[in-house]
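To start, the structure under review is shown below, and the notes come after it.
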Amino acid sequence: MAFLFSGIKGMLFPLFFPYFCSGQPAPPPLRFSVFLDPSNMVYLCWDHDEQELMSFELRVHTTGWVAFGFSPHGELPGSDIVIGGVFPNGSIYFSVS
């Protein structure tokens, strides 16, 4: 698993905002978690269901964007990457590559 980060305070709020606006129940708590850095600035939670569908929650103390990658060997080349952030005007972006 590889990760990069350089920004977003409260990234979780925008990702879970549709649950609060739609009246749907919040997602269940995730059973597994770990800090990914020695200063406890990057916190990852995850879980899976009976069909092995994975859910992730990433909490990052940063100021602009965050990227998170998955790879079979823990290296960036060939990994699947999720990138999200907040523009200076407050609008949110999120993409998977």
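Every number in this text was worked out from the coordinates using simple rules, so none of it is lab data. All of these numbers come straight from a predicted model, not from anything done at the bench. So basically every Cβ, Gly included, is an ideal-geometry build from the backbone, and we count neighbours across all protein chains shown.
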By residue number, the members of segment 53-72 that are in a loop (DSSP other than H, G, I, E, B) and of a type in the set (A, V, I, L, M, F, W, C) are 53
Residues in segment 57-81 that are over 17 Å from residue 92 (Cβ atoms) and either loosely packed, with under 10 Cβ neighbours inside 10 Å or free of Cβ contacts under 8 Å to residues at least 60 places away in the same chain (or both): how many?
7
Considering only segment 77-97, state which residues are of a type outside the set (Gly, Ala, Ser) and farther than 18 Å from residue 44 by Cα.
77, 86, 87, 88, 89, 92, 93
